[in-house]
Amino acid sequence: MRVRNKPWADDYIRDHQDYIVEDAENWVGKWSERFTKKQPIHIEIGTGKGQFIVEMAKQHPEINFIGIEIQKSVIAIALKKVVAADLPNLQLVHTDGADVDTLFGKHEIDTIYLNFSDPWPKKRHAKRRLTSPKFLDSYKTILKTDAPVVFKTDNRGLFEYSLITFNNYGMYFDMLSLDLHNSEYMEDNVETEYEHKFSAKGPIYKVEAYFNKKED
């Protein structure tokens, strides 16, 4: 969903370069330098207005978080939340997250979050889905060998497609819920803006998938 242009966005982003990156290609392999502490790095592709990534950073100071968003007006709204929270373990990246293997070094990332991604429902657009094989290739490159892709959606068709794609790619499932908000996993769930607004209309689906079998 497109957000109306925010006339103040350019100036606000320019004035808060300590929290936001617009030249992501210059930080490949050295993202830890953007943070005060060297810690595991978790990224969210399509961070929207920032509710999820900000709350995660608050709850987990032992992890460094990066939120990626292409829409300038949207990431500017997220940036306001980040600035207000003043979190040393959170950075935003204003760019297209489609080719994340060009933004991060090999095995630089510890977790990828995909929250309520565009379902691209038409069959001819399947390659644009963030859980298609093309994107999985990129994720596998930047993720550490024991790191997960955490996927959450309210779109049943996209969830089914994703499970099939993950399985065909040879990935392993550590957790899977067909109704997250009425499951044992809800206790640790951090909602996105979209999730908070629309979860009452139907179930939320979630899966954590690994490229390599997780060691117990």
Checklist entry - Given region 71-180, what helices (runs of 4 or more DSSP H) lie entirely inside it while holding 2 or more residues that are over 30 Å from LYS6 (Cα atoms)? => result 133-142, 156-168
Checklist entry - Any residue at all in region 8-21 that is over 18 Å from the mean Cα position of the chain (by Cα), within 23 Å of ALA147 (Cα to Cα) and surrounded by fewer than 21 Cβ atoms within 10 Å (Cβ to Cβ)? => result no
Checklist entry - Taking the stated definitions as given, is PRO119 of a type outside the set (Gly, Ala, Ser) and more than 23 Å from GLU33 (Cβ to Cβ)? => result yes
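A quick yes/no check of all residues on (1) among the basic types (Lys, Arg); (2) touching a residue at least 40 places away in the same chain (Cβ under 8 Å):
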residue	(1), (2)
ASP99	no, no
PHE104	no, yes
PRO119	no, no
ARG128	yes, no
PRO133	no, no
LEU143	no, yes
ASP146	no, yes
Item to check | Unique match (being at pLDDT 95 or above and out of contact with any Asp or Glu (no Cβ under 9 Å at 6 or more places or on another chain)) among VAL93, VAL82 | outcome: VAL82
Item to check | Every residue from region 156-189 that is surrounded by fewer than 18 Cβ atoms within 10 Å (Cβ to Cβ) and under 13 Å from ASN115 (Cα atoms) | outcome: ASN189
Next on the checklist: For region 190-216, which positions are outside any helix (DSSP H, G or I), of a type in the set (D, E, K, R) and under 19 Å from ILE112 (Cα atoms)?
Outcome noted: GLU191, LYS206, GLU208, LYS213, LYS214, GLU215
Next on the checklist: Restricting to region 129-144, count the residues that are among the polar types (S, T, N, Q) and crowded, with 24+ Cβ neighbours inside 10 Å.
Outcome noted: 1
Checklist entry - Across region 1-37, what is the number of residues that are in contact with a helix residue (DSSP H, G or I) (Cβ under 6 Å, 6 or more places away or on another chain), under 21 Å from ALA85 (Cβ atoms) and in a loop (DSSP other than H, G, I, E, B)? => result 4
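The values are calculated or read from the model by the stated rules, or taken from the named source; none is laboratory data. Everything numeric here is computed off the predicted structure, so don't read it as measured data. Please note: Cβ atoms are built from the backbone with ideal geometry, for glycine as well, and neighbour counts cover all protein chains shown.
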